[in-house]
Structure formats: C-alpha cells, structure tokens
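Q: I'd like to ask you about the structure that follows.
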Amino acid sequence: MSLIETINLYKTYTVGDVQVHALQGVSINIERGEFVAVMGPSGSGKSTFMNILGCLDKPTQGKYVLDGIDVTATNLSELAGVRNRKIGFVFQGFNLISRTSALENVELPMIYNHTPAHKRREKAMEALKAVGLEARAHHMPNQLSGGQQQRVAIARSLVCDAPIIFADEPTGNLDTKMSIEVMDLFTRLNKDLGKTIILITHEPDIAEYAGRLITFRDGQKVSDEVKK
Amino acid sequence: MIDTFLSVFRISVKAIFANKMRAALTSLGIVIGVAAVITMLAVGSGTQKSMEERFSRFGTNILYLRQPWDLDESITSPKDITMDDVRAVRRVRGVTAAAPYISSGFEVKYGITKTTIDVLATDTDIFKAYDWQLASGRQFTEQEISSYAQVAILGDSIAKTIFNDVDAVGKTVIFDEVPFTVIGVMKKNGQGGFGFDMDEGTLIPYTTGKIKMNTGWGNSDPRSLDQVIIRVGDFNKIDEIKVAITNSVRNTHKIHPLGKDDFQLDDFASFVEEAKAASKTMSILLGVIGAVSLLVGGIGVMNIMLVSVTERTREIGIRMAIGATSADIRLQFLVEAMTLSCIGGIIGIILGVGVTMIVAANSTSIPAQMSLSSIIISFAFSAATGIFFGYYPAHKASKLTPIDALRYE
C-alpha cells in the first residue's frame with residue numbers, strides 16, 4: 001500500500017461569483033521513502049494540492065488515503081491529530097514562533113500530543129542534534145541566521161517521528177550556500193532516516209535533489225518522472 | 001494534562017510580558033474593580049462583625065426611647081423626654097430598668113494637665129440596664145440625686161490616667177471649673193451604645209447634669225433627656241412590652257388616641273437597621289464602582305485579546321499546522337485572557353487590602369474587616385471576567401483555518 005494515494009482529486013473555490021477550479025482530477029501515488037519535487041507555475045494548483053496532501057485543506061471531490069487513513073472522511077480535530085503524527089512542515093518563511101527559544105519551538109508539536117515535559121525536552125534536543133544545532137538550543141529565532149532557522153524548523157518537523165516532511169519552497173528565503181546546506185540535510189533525512197520528502201519549488205536546481213519530479217499546470221498533473 | 005496546561009500557561013505569560021505596557025493598561029480596569037469589590041466586602045463583613053459585638057455586649061433586651069430625629073410634620077408641639085417618662089416606663093410590667101441618659105463632654109483638670117472627658121448624666125438604673133459593675137466605691141444615693149450632689153463615678157481607664165494606681169474614691173476632680181467628689185470607679189467595660197465609652201468617661205447624677213452644669217448641654221428645657229435606656233426582662237415578650245411602653249408614654253404625653261407618637265422607641269433590630277443602612281450606601285457605591293470597573297476592564301481585556309489574535313494569526317496557523325486543534329487554540333487564548341485579568345486581580349487585591357486597612361484605621365463609623373473569603377471572592381471575580389470577556393476572542397482564534405492563518409501577512 002502506498003504511503004500517499006490520491007484518487008481523482010478536485011478542488012473548487014468560489015471567489016465572489018467566479019468559480020475557480022484549482023484541481024481537476026489529480027491522482028498520485030507516493031511510496032514510503034520517496035523524495036518528490038513538485039513544480040509548476042503559480043496558479044497551477046500545486047499549492048492547493050500540497051495543502052490537501054498536508055491535511056491543511058480538504059478536497060471538494062475525490063479521495064485521499066494517507067498511511068491507511070481516509071483523510072477525506074475525518075473531521076477537523078482528527079485532521080489536526082493526523083498532521084501532528086504523520087506530517088512535518090517546513091515553510092519558506094521558516095514560521096518559527098518569535099520570542100520562543102529554538103528548543104521550545106521544536107518542543108511545540110509535542111505539547112499538542114500531550115508528551116510529558118521531560119520527554120519533550122529530551123526528544124527536542126535529539127532533533128536539534130540531528131540538524132547540528134544543539135549548541136543553539138536556547139537562542140531565540142531572531143538570534144539565528146536564516147539557514148539555522150530553517151534547520152530549527154526541520155528539527156521541529158522531525159520531532160514527532162512523522163514519516164512525511166512537506167517542504168514548501170524551503171530555500172526561497174535563503175542564499176545559495178544556505179540552500180545547499182538545507183538541501184543536503186533533506187537528502188540525508190531521506191537516505192538515513194527513510195523520511196518521505198515532498199518538496200515544492202520553482203527552482204530547477206533545487207528540484208534536482210529529488211528522485212522524482214511531478215509538474216503541475218492548470219490544475220492537472222502534466223508530468224511525473226522518476227530519475228535514473 | 002496538567003503538564004499541557006502548564007505549557008499553555010507559560011506561553012501565555014510570555015505573550016503578556018512581551019507587551020508589558022499594554023498588559024498594565026489593560027488590567028487597570030480589573031485592578032480598580034477588584035480593589036472596589038474587596039473593600040465593599042470588607043465594609044460589609046465589618047458592619048456584620050460590629051453588629052455582632054454590640055449584640056453580644058448588650059444582648060437584645062435593650063430598648064431606646066428618644067425623640068425622633070426626623071419628626072413627623074403633623075406634630076406641632078412635641079413633648080420632651082423627661083423623668084416623667086422614665087417613671088412611667090418603670091411602672092410597665094416586664095421592664096427591669098429604665099435609666100435617664102444625657103451625654104456631653106467636660107473639660108477635666110487634674111494637676112496641671114487638661115483633657116476632655118465623656119460625661120453621662122444618669123441614675124443607678126444604668127447599672128442594671130447595661131449590666132455595669134463597680135470596681136470600688138459605691139453607686140449614687142437617692143439623696144445625692146435629689147440634692148444635685150457633685151459626685152462622679154469614673155471609668156476604669158480615665159481613673160488610671162488621672163490617679164495612676166492610687167484609689168480614686170474620695171478624691172476631687174474638676175469638671176468645667178466645678179469640683180466633683182469621686183464616689184466610685186467602674187470595672188473595665190469597653191465601648192457602650194451610641195459611642196459612649198464608659199472606660200474613658202464618667203457618670204454623674206442626671207439632676208446635677210441638668211442643673212449644676214451650665215455649659216455644653218444641648219437641651220433648652222432643663223428637665224429634658226437625650227433618651228431613656230430601657231431593659232426588658234424577657235426578650236420573647238419584647239413586642240408586647242414595647243406596646244405597653246408606647247401606650248404608657250402616650251398617656252404621659254397626653255397624645256390624642258388618633259394622634260401620632262411624638263417619640264420613638266427603638267429596639268436592637270432598628271439599631272441594626274440604621275447601622276446597616278449606613279454601610280449599605282457605602283457598599284452600593286463600591287459595588288457600582290466595582291461592577292463598572294470590571295465591565296470596562298473586561299471589555300479592555302476583550303479588546304486587547306482581539307488585537308492579539310489578529311497580530312498572531314500567523315502563529316495560530318503554525319500551531320494548527322503542527323497539530324493544534326481548535327480546542328487547543330481556544331484554550332491558549334482563554335488562559336491568556338484569564339492570566340491577564342488575574343494579574344490585574346492580584347494587584348487589585350493588594351490595593352484593596354491597603355485601602356481597607358486605611359479605612360479601618362481611620363474611620364470608626366465605617367467598620368471594615370478583611371477576610372480570606374473576600375480575597376477569594378474578588379480573585380474569582382477577576383478570573384471570571386477574564387473567562388467571560390476572553391471567550392469571544394479565543395473562539396474567534398479557534399475558528400481560523402490553518403491555510404488562511406498561515407497565509408495571513
């Protein structure tokens with residue numbers, strides 16, 4: 001069974017009187033341990049697709065099964081639990097909580113699954129070690145460089161042992177050197193820890209890191225190629 | 001669960017302290033509200049306590065006969081309260097004592113020192129009415145009363161002040177230039193009714209009080225009394241005894257059967273009513289201030305929480321993305337609103353306790369008494385304000401969708 005399986009997903013928004021068909025029948029299977037890059041121009045529906053895959057949104061029509069769970073049939077509070085257990089998010093803007101130390105930011109997901117405090121600290125420290133930031137555990141986000149902030153965000157995505165990491169333009173705010181650092185980290189997480197990584201990007205050289213490239217246009221999947 | 005709550009609480013405290021000035025201004029209304037509530041409760045329970053003290057000292061068997069303070073307009077020539085009334089009351093069945101009562105202040109001289117002293121002009125029935133005891137010496141004699149004798153019975157404290165440990169009986173004191181012989185000294189009693197403090201005061205015969213002294217007395221008619229202190233034997237019969245006293249005094253005053261009373265007969269209950277009415281005004285005032293401040297403070301909390309929710313929309317999105325449910329978000333903002341108003345509550349309690357202590361130290365007419373329950377009640381008020389006014393912003397935050405919240409700039 002695939003880790004991610006979507007069958008004929010449709011998503012329609014109503015903006016004023018206009019209906020926007022953001023997704024028009026997308027079916028994709030992603031296996032455990034894959035490193036997938038999703039590309040496409042803006043308005044192609046890739047963000048909508050990622051929101052649905054990330055359980056942040058629900059499709060208008062179609063079915064989405066994630067690790068054996070029929071996501072389309074769950075309610076909102078169950079969906080929050082699914083995100084917590086199955087998915088780690090890494091965003092373009094890092095999305096760390098300000099005035100809160102790196103360590104506490106990494107602990108955050110575990111507050112919502114009621115992990116005891118001492119266990120939280122321990123696991124958060126482990127995750128920071130995995131991204132090479134244990135020395136910066138007590139720094140605030142604004143005391144860290146962009147690359148370091150993104151690595152804190154990656155540590156946060158690891159801490160609940162979720163099988164999937166969704167990375168939405170993770171290098172969009174980083175310079176070349178930091179981008180390479182972050183992408184190397186993703187590659188290592190994919191190879192060493194077997195994490196399934198789904199990456200949205202519009203930079204071809206970033207997409208190069210992935211083993212599979214899916215391209216979107218006008219709400220539909222237009223290409224899906226596995227490298228090698 | 002407690003663990004989670006502590007984490008949420010820490011997040012709230014951090015968020016509040018990130019905006020210290022804003023938090024301080026927001027909680028000001030709560031501070032004033034809680035301080036007013038706590039003072040109000042203290043005045044209320046202080047009045048209760050002072051009532052209970054009077055109750056336990058005099059019992060409920062005391063009646064006070066006096067001219068009304070606000071006389072009915074239809075009564076054109078009210079009769080004074082005189083010794084005729086005292087004698088009439090004494091004849092009523094069930095009355096065990098009826099003492100004339102005229103009070104004023106004297107200047108007292110001893111050696112080179114001058115001071116003022118509370119004087120109660122009365123007769124021996126006052127001992128029975130108030131259950132007062134002599135420490136040494138004797139009470140007035142009939143002969144002393146009828147002959148306007150210049151004799152005095154000193155209170156415990158004033159006797160010690162003037163004569164130290166020497167027995168005062170037989171000594172002479174000068175009241176307003178007139179020499180009086182001390183014939184007795186009271187045991188320690190504590191404060192009496194209507195603010196007369198026997199320990200710091202002196203008793204003289206009512207006759208002497210009216211005739212010999214020519215200064216400091218308010219009544220024009222030399223025979224009129226301030227009031228009559230009446231003791232009844234059986235509290236259970238107090239209502240019928242009151243009727244009998246009223247009839248007897250109406251007879252003495254020759255009031256027409258359809259005419260209105262030109263006097264007033266108060267029992268313990270009406271005394272309590274008066275004191276309660278005085279403290280009630282104060283309580284109502286404080287209650288209104290408290291309610292309005294808590295309302296305004298609560299709206300302030302709601303306002304600032306709405307601002308906070310908007311400012312932190314992105315943070316809410318992040319939290320939702322990593323697994324916070326709507327209920328988690330709602331709890332966080334509720335706890336934050338509650339923490340904010342409870343900080344105001346704690347400052348308000350400190351302020352209220354301070355105000356109460358100042359009031360209690362400086363005012364005898366407004367008794368104030370602090371109690372643990374009033375502190376708990378006012379703290380609960382502040383917490384409830386936080387929950388009530390924090391609910392809407394918290395609910396609003398919890399209704400955000402993760403995508404919209406994350407997209408918010």
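Each reported figure results from applying straightforward, stated rules to the coordinates on display, with no laboratory input. What you are looking at is a predicted structure, and each value in this text was computed from that prediction instead of being measured. With ideal geometry, Cβ positions are generated from the backbone for all residues, glycine too; neighbour counts draw on all protein chains shown.
Q: Please determine, in degrees from 0 to 90 and to the nearest 10, the orientation of helix B:268-311 with respect to the longest principal axis defined by the Cα atoms of chain B, where the helix direction is its Cα long axis.
A: The answer is roughly 10 degrees.
Q: Taking R0 as 45 Å, what's the FRET efficiency between A:R217 and B:L295 from their Cβ-Cβ distance, rounded to 0.05?
A: Working: r = 58 Å, r/R0 = 1.28.
Here the calculated transfer efficiency is 0.20.
Q: Could you list log10 I(q)/I(0) for region B:252-378 at q = 0.15, 0.20 Å⁻¹, which the Debye formula gives when each Cα is one point scatterer?
A: Listed by q, the Debye log ratios stand at -0.89, -1.19.
Q: Given the convex hull of the Cα atoms of chain A, what is a quarter of its surface area in nm²? Please list the in-between numbers first.
A: Details: hull surface 52.0 nm².
Orientation-averaged projected area of the Cα hull: 13.0 nm².
Q: Just report the Cα centroid separation between region B:97-120 and region B:250-271, whole Å.
A: 30
Q: In region A:1-41, which residues have a backbone nitrogen under 15 Å from the label point lying 7 Å from A:T187's Cα in the Cα-to-Cβ direction?
A: Counting backbone N atoms under 15 Å from the label point, the list is A:35-37.
Q: Taking 8 Å as the Cα distance limit and 6 or more residues as the minimum spacing, I'd like the relative contact order of chain B as a percentage.
A: Contact order relative to length: 30 percent.
Q: Could I have the simple spin-label model distance between B:I2 and B:T172, label points 7 Å from Cα toward Cβ, reported in nm to one decimal?
A: Those two pseudo-labels are separated by 8.0 nm.
Q: Given labels modelled 7 Å from the Cα in the Cβ direction, how far is it in nm from B:F9 to A:A117?
A: Label-label distance for B:F9 and A:A117, simple model: 0.9 nm.
Q: Provide A:H118, A:H21 in ascending order of the number of other Cβ atoms located within 10 Å of each residue's Cβ, fewest first.
A: Working: A:H118 9, A:H21 16.
Going from least to most buried by this count: A:H118, A:H21.
Q: Quick one: Cα centre-to-centre distance for region B:142-180 and region B:299-337, in angstrom?
A: Region B:142-180 and region B:299-337 have Cα centres spaced 77 Å from each other.
Q: How long are the semi-axes of the equivalent ellipsoid of region A:32-94, taking √(5λ) for every eigenvalue λ of the Cα gyration tensor, in whole Å from largest down?
A: Numbers: eigenvalues 79, 44, 31 Å².
For region A:32-94, the semi-axes come out at 20, 15, 12 Å.
Q: Now for a separate question. For B:K79, go through the lysines and keep the ones whose alpha-carbon is under 16 Å away, minus same-chain ones fewer than eight residues off.
A: Correct list for B:K79: B:K254, B:K260.
Q: Normalised by the residues of region B:62-265, what does the relative contact order come to in percent, with Cα pairs under 8 Å and at least six apart? Intermediate results must be reported in sequence, preceding the final value.
A: On the way: 386 pairs, mean separation 73.2, N = 204.
Relative contact order comes out at 36 percent.
Q: Evaluate the relative contact order of chain A (contact order divided by residue number), counting alpha-carbon pairs under 8 angstrom at least 6 apart; express in whole percent.
A: Details: 443 pairs, mean separation 65.2, N = 228.
Worked out over chain A, it gives 29 percent.
Q: Could I ask something else about it? Give me Rg over Rh for chain B, both radii from the alpha carbons and Rh done the Kirkwood way, two decimal places.
A: Details: Rg = 32.0 Å, Rh = 26.1 Å.
In chain B, Rg relative to Rh is 1.23.
Q: Using only the alpha-carbon atoms, what does region B:62-265 span along each of its principal axes? Please give whole angstrom values in decreasing order.
A: 58, 36, 30
Q: Here's another thing I want to ask about it. Using 0.36 nm per residue, how much length does the chain from A:V20 to A:N142 gain when fully extended, once their Cα-Cα distance is taken away? Let's see the in-between values first.
A: Numbers: separation 122, 0.36 × 122 = 43.92 nm, distance 3.86 nm.
40.1 nm is the gain from fully extending A:V20 to A:N142.
Q: Go ahead and set up a Gaussian network model of chain A, Cα springs under 10 Å, then flag whichever of A:A80, A:A167, A:A155 fluctuates most.
A: A:A80
Q: Enter the angle in degrees (range 0 to 90, nearest 10) between the Cα long axis of helix A:146-158 and the first principal axis of the Cα atoms of chain A, meaning the one along which they spread out most.
A: Orientation of helix A:146-158: about 80 degrees from the principal axis.
Q: Using R₀ = 45 Å, calculate the FRET efficiency as 1/(1 + (r/R₀)^6) where r is the Cβ-Cβ separation of B:E142 and B:L258; round to 0.05. Please report the intermediate quantities before stating the final value.
A: Details: r = 39 Å, r/R0 = 0.87.
It comes to 0.70.
Q: Counting Lys and Arg as +1 and Asp and Glu as -1, each charge on the Cβ, what is the dipole of the protein assembly as shown about the Cα centre in debye, to the nearest 20? Working shown, then result.
A: Values: 65 positive and 67 negative charges, 263 e Å.
Roughly 1260 debye, rounded to the nearest 20.
Q: Compute the distribution of all C-alpha to C-alpha distances in the protein assembly as shown, in bins of 20 Å from 0, and list the percent of pairs in each, rounded to whole numbers.
A: Whole-percent P(r) values from 0 Å outward: 16, 29, 17, 14, 16, 8, 0.
Q: Still on this model: With Cβ to Cβ distances under 13 Å as the rule, what net charge do the other residues near B:S27 carry (K, R +1; D, E -1)?
A: On the way: positive: B:K20, B:R22; negative: B:E336.
Value of the local net charge: +1.
Q: Take the Cβ-Cβ distance between B:E409 and B:V288 as r, set R0 to 60 Å, and report the resulting FRET efficiency rounded to the nearest 0.05.
A: Numbers: r = 45 Å, r/R0 = 0.75.
Efficiency computed from Cβ-Cβ geometry: 0.85.
Q: Also: Using only DSSP helix segments of four residues or longer, with each worth -39500 (n - 2.57), what per-residue ellipticity at 222 nm results for the protein assembly as shown after dividing by its residue count and rounding to 500? Don't jump to the answer; show the numbers that get you there.
A: Details: 20 runs with 303 residues, N = 637.
The per-residue figure over the protein assembly as shown is -15500 deg cm²/dmol.
Q: Using 0.36 nm per residue, how much length does the chain from A:K129 to A:E203 gain when fully extended, once their Cα-Cα distance is taken away? Walk me through the intermediate numbers first.
A: Working: separation 74, 0.36 × 74 = 26.64 nm, distance 2.87 nm.
Net length gain for the segment: 23.8 nm.
Q: Distance from a point 7 Å along Cα→Cβ of B:F388 to each backbone N in region B:323-349: keep the residues under 15 Å and list them by number.
A: B:338, B:341-342, B:345
Q: Moving to a separate point now. Within 10 Å of each candidate Cβ there may be at most 13 other Cβ atoms; applying that plus a DSSP loop requirement, which GluC sites (Glu not before Pro) in region B:1-107 survive?
A: On the way: sites: B:E52, B:E53, B:E73, B:E107; in loops: B:E73.
Here the sparse-neighbourhood loop sites are B:E73.
Q: Can I ask one more? Calculate how steeply helix A:117-130 sits against the longest principal axis of the alpha-carbon atoms of chain A, using the helix alpha-carbon long axis, and give the answer as 0 to 90 degrees to the nearest 10.
A: Tilt of helix A:117-130: around 80 degrees.
Q: Return the lysines within reach of B:K160: Cα separation strictly under 22 angstrom, same-chain partners fewer than 8 residues apart disregarded; answer none if there are no such residues.
A: Answer for B:K160, where 22 Å is the Cα cut-off: B:K109, B:K114, B:K171, B:K187, B:K188, listed by chain and number.
Q: Next question, about the same structure. Which of these, B:S283, B:S371, B:S147, has the largest mean-square fluctuation under a Gaussian network model of chain B (Cα springs below 10 Å)?
A: Largest GNM mean-square fluctuation: B:S147.
Q: Say the dipole of chain A comes from +1 at the beta carbon of Lys and Arg and -1 at that of Asp and Glu; which of A:T6, A:V222, A:G54 then lies farthest toward its positive end?
A: Farthest along the dipole direction, towards plus: A:G54.
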